[in-house]
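Computed from the coordinates by the stated procedures, all read-outs in this text should not be read as laboratory data. These figures come from a predicted structure and were not determined experimentally. We place every Cβ from the backbone using ideal geometry, glycine too, and count neighbours over all the protein chains shown.
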Amino acid sequence: MCDLKCQQSTSTYLFVIQRHSKLHLSVQYIVFLCLAATFQWTASAQSKSNAEVTSSEVRSILSNNCAGCHSDGTSEGGFSLDHLPLLHNSERQALSEEENAKWFLVLKKVQAGAMPPPGEEKLTPEALDNLVHWIKYSAFGINPEDPDPGHVTMRRLNQVEYRNSVRDLIGVDFDTSANFPADDTGHGFDNIGDVLSISPLLLEKYVNAAEEIVSAVVPTVSSSIRQRELPGNQFHFVPNTRDEGAAGVTGEARPGEDDAGEGLEMSYYELTSARAVLDIDVAGDYSMLLKFIAKETYVDNQFDENKCEFTFSVDGNTLLTETMVRQSSRDYQFNFDIPLTVGEHELIASIKPLSESPQIRQLRLQIKSIELIGPRDEAHYVKPDRYDQFFPRSVPQDEDEKRKYARELLSNFASRAFRRPVDDGSLDRLVNLAEGVYSQGATFEAGISKAMTAILASPRFLFREESIAQGSDDAFAYIDEYALASRLSYFLWSTMPDDELIDLARTGQLRTNLDAQVARMLSDTRSQSLAENFVGQWLRARAVEHIQINSSAVLSREPRRVDPESDVRRQRFFELFRLGSRRTEAENDEYEREKERYLRSFENATGAELTPELRLAMRRETEMLFEHIVKNNRSLLELVDSDYTFLNELLWGHYQIRGIEQVVGNEMRMVMLPADSQRGGVLTQGTTLVVTSNPDRTSPVKRGLFILENLLGTPPAAPPPNIPALEDAASDNEKPLSLRETLALHRSNALCSSCHNQMDPLGLALENFNALGTFRTHELDQPIDSAGELTSGEKFSTVAELKKILVSQHQEDIYRCIAEKLMTYALGRAVEYGDSHTLDRLVEELQDSDGAAQTLIYGIIHSNAFQKTKNSPRVAAHIP
C-alpha cells in the first residue's frame, strides 16, 4: 500500500478545474502507484525448526503417491510435477510465481483430501504432515513467527463503501448504483483491490458526484429567506354545504376521513370543504405554493367525464378557482404572493361538482402540501438548514481570521474524509482554493463548499490510504493505526471509521484496545453490513432478488398441489354466490371475504410466485442466520446444519414447514425447527435453492458445485470445451428421464465422470426442493430419490443426513473454506501461497473453539496479513 502523502489533493484540483487531458494523466499516475504497490516482493525469513523434513523425504512421498499420474511426461488433469524443484531448506532459492502457484495447488489438494483421488491409496497422516510442512516452510519459505503479509494493492472504495462513507461523512444518501458503473468482482467479491479499476470517465463521475453531494447539504450563504411546509394531512374535512360561499365555511372535522398519510383526498362528486390553520409569527409579504395531485381509480375501457370546480382561499379571500377534469396522476402547483399578519390564518380548499354524469371511476384530488416562503424582508432571513453543522461560528470579517477559520473547517472535514490527519501542504492548497473563490466576490461559504467538493473528489478519499507505523524497520512492518482503523471499519461495517476509532488511532491506543473495539463493532448495528456484503456475495444471497425463475415451468414438472382447505373455501364461495339477495348480513360479510380469497387465487395461479417481498425475506433469512451466529459466537457449522431458521409470515407460508405454528406479520424472527425437518442451514434456504437453479427447473450440477466451492473449498476443474448440454444426454430415450437418470447418462462420458462424481451426489441430495425453494416428493410423475454417496465414501439418504455427514466428517474442510472466503473479503485480495500458514492457524483455532465464529474474525484481525505490510522504500516514502 502506498503512503499517499503526495500531491493527491493537487490532483483533485486538476479534476475540478482542468480538462480531460489532465485527468488522463492523473489516471496514469494512479495506475502507476497501484502497480508499484502490487508487484513488491520480499523473500521471508526461514524457520530453522522445520529443517527436519528433507527434500529426499518429500521426493519419496511424491514418487510413491503422485508420480504415476503427474510425472515422467504424464500430466493427469493437466498437472505435472516434472519441473518443480525440490530443495532442502539450506538450499533455499526463491521460486518463481508459477512454481509457487503449482505447489499451492498441491497443498490445497492434499489438505482437502482430493489427492490422491478416490480409489487410490491415501497419504498416511505422517506423510501428509511432512508434505504440507515442507511445502509451507521450504518451498514457500514461510517464517511462522513472522509470515509474509502478502502483496497489497491500493484499494478504491467500491459502490457500497463509497455510499456508506458519504452518508457517515456528510449525511447524504447518494445512489451509487444509479450514478456509477457496476464494480468488477474478483474471487467472488467486489472489494478486491486488483479489480477495482478507475478510468477517466469514472473520475469525471466522481467529480460530478462530489459537486452534487456538497451542493445538496452545504449552504453557500449565511442567511436565506425563510421556508416552511404545511403537509397536506393537516387539512381536515368540514361539514358539506350547498351554499355558494362554501369557501368560507368552518366547522368540526368529520372523523375518520382526514387521516391520509400523504395528504387529504377530496372527491369530485361531493360538495366538500377542507380546512387547515396556518400560524404566522412574523408579519410580512410571503409567497405561498399550493401543491396537489389529480388521482383516479382505473376501470377497464370506461371513462369518467365528471368535472368539478376546485377553490382555494385564505381568510375568506379566494386565491384560486380551477375547473378540474380527469387528469390521472398529474401534479399541480399554484403560486400566490400574499401579505400575512401575525396570528392564525384559515386555509380552505373546496370541491364543487360541475356535472351529473354517472360515476364510473373514483376521481379525486389529493392536497400534498402548502409551501410558505417569507417574509421577503432580509431582516427576517434565517440560517439555512444545517448551517451550524458546517459553520459552527460566525464568519470573521478580518481576512487573516477568515483564513484561519477556513483552515480550521477544512482541516476537520479533510481529516475525517481522508480517515487520517490532513498534512499541512494539502491543507494549504485547500485553503488557497477556498480563498480564491470567496476573495473574488463569492461568499465565504461558497469557497468552503468548493474546497469540500475537491476533498470528496480526491484520491485520498476515494482510495484507502495506508502508511507504515513510525519507527518500523522490519521487512514486514505494522501499518499505522489510522490504516488499521480503516481496515477494521471497512471489514466489519463497510464504511469509514467512526470518531472513537479515529480518536484511539490519534493517541496510539487502537492496537492496545483492539479486542474491545472489535467487540464494540460487532455489537453495533452497522455490523449488519458484514452479512449483507460478505454473505451476500459468498453465498450469493444478493442474487436471489433478481435471478429469473419461471414459476409455471417449475411447477409444471410436479403433481398438482392438493389443498383441501382451499377446495372447501372455494365450494363455500360458490354456495354463497348462488344465494344472491337471500344472503344474510353475516353471510354477506363472509361472501366478501371468500370472494377476495377467490380472486387472489387467480393472481397467484401457479401456486408459488417469487414476489419481491418473498425474495427479500429469503435474503434476510440467510443474512440473519449469519448475524445470529456471529453475534452469539456460535459454531460456523450451523451455517450448514441448524435446528432453527428465520421466517416471517410470507416465508412461513411459502415453505409450509409442518410442525411450526403460524408466523404472523412481516417481521423476520427466529423459529425452532421440528426434529425431523429437512430445513436448517443455508443449503435448504430459499436463497441457495433459487440461485442454484435454472429458470425452469432445478440444477443438481449447480447445487453440487455451490457446495464444493462455497462450503467444502474443493471446486472441480473447469469443464472441457464442447461438452453437450445435459438435456442432450437424454434426447434419444423414448420416455422422460428424471434428472438423476439424465445425470447418470451424462457421467458415462469419461470426460465428465471425474467432476460429476463429486458434484452430482451433493446436488441430487437437494432435489426434494424445487427451483422456488419449496418442498416436493415427485417430479415428472416419478418419486424423487435424494440418496447418494460422497467420493470420500459416506452414504446418505436425505439432505438432512448429508448435512450431518458434512458437519461431522468434513468440518475441517468447512472451516478452511469459510476462513479462506472471509480472509479474501477482509484483505481485499486473494488468499495466496504465503498465507497458507496463517490459514492453517485459523483452522486450528476454529477446531479448538468448536467453530466459534468470532474466533475466526479475531484471528483474521490479529494476523500479519491484516496488521502488516511490506516495508518497501517505494511504499513507505512520501511520493513527491
(request) Could you check how many percent of all C-alpha pairs in segment 369-489 are farther apart than 20 Å? (result) 56 percent
(request) Name the lysines eligible as straight-distance cross-link partners of Lys295: C-alpha to C-alpha under 28 Å, and not fewer than 8 places from it in the same chain. (result) Lys307, Lys352, Lys368, Lys595
(request) Please list the non-local residues whose amide H lies under 5 Å from the amide H of Gly284, H modeled 1.01 Å from N, same-chain partners needing a gap of 5 or more. (result) Leu340
(message) Order 194-204, 697-707 from most to least packed using the mean count of other Cβ atoms within 10 Å.
(response) 697-707, 194-204
(message) With θ taken as phi - 60° and the coefficients 6.51, -1.76 and 1.60, list the Karplus ³J(HN,Hα) couplings across segment 781-791 in order, rounded to whole Hz; mark glycine and proline as x.
(response) 6, 10, x, 7, 10, 9, 6, x, 9, 6, 5
(request) Provide the per-residue ³J(HN,Hα) series for segment 416-430, in order, calculated from phi with Karplus coefficients 6.51, -1.76, 1.60 and θ = phi - 60°, each as a whole number of Hz, with x at glycine and proline positions. (result) 5, 5, 7, 6, 5, x, 6, 6, 4, x, 5, 5, 4, 5, 5
(request) For Lys108, list the aspartates and glutamates whose Cα falls under 15 Å from its own Cα; do not include residues on the same chain fewer than 8 positions away. (result) Glu99, Asp129, Glu709, Glu812, Asp813, Glu820, Glu832, Asp835, Asp840
(message) Once you order the gyration tensor axes a ≥ b ≥ c over the Cα atoms, which shape class does segment 385-452 get: rounded for a/c under 1.5, otherwise prolate or oblate by comparing a/b with b/c?
(response) oblate
(message) Would segment 653-697 count as rounded, prolate or oblate if I go by the C-alpha gyration tensor, calling it rounded below 1.5 in a/c and otherwise prolate when a/b exceeds b/c, oblate otherwise?
(response) prolate
(message) What's the ranking of 452-459, 360-367 by average number of surrounding C-beta atoms within 10 Å, highest first?
(response) 452-459, 360-367
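Segment 259-367: which GluC sites (Glu not before Pro) are DSSP loop and have at most 16 other beta-carbon atoms within 10 angstrom?
Glu262, Glu270, Glu305, Glu356
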(request) Would you pull out the residues with amide H under 5 Å of Phe237's amide H, same chain only if 5 or more places away, H placed 1.01 Å from N? (result) Arg254, Arg275
(request) For Lys404, go through the lysines and keep the ones whose alpha-carbon is under 28 Å away, minus same-chain ones fewer than eight residues off. (result) Lys5, Lys383, Lys450
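Is the C-alpha gyration tensor of segment 148-191 telling us rounded, prolate or oblate? Criteria: a/c under 1.5 is rounded; beyond that, a/b larger than b/c is prolate, otherwise oblate. List each step's numbers first, then the result.
Values: a/c = 3.44, a/b = 1.67, b/c = 2.06.
Oblate.
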(request) Taking amide H positions as placed in the peptide plane 1.01 Å from N, state which residues far from Phe476 in sequence (5 or more) or on other chains have amide H under 5 Å from it. (result) Asn871
(request) Could you pull out the pairs from Lys702/Lys803; Lys205/Lys870; Lys102/Lys821 whose alpha carbons sit more than 24 Å apart here? (result) Lys205/Lys870
(request) Per residue of segment 328-335, in order, report the coupling 6.51 cos²θ - 1.76 cosθ + 1.60 (Karplus, θ = phi - 60°) as ³J(HN,Hα) in whole Hz, putting x for Gly and Pro. (result) 5, 6, 8, 8, 10, 9, 10, 10
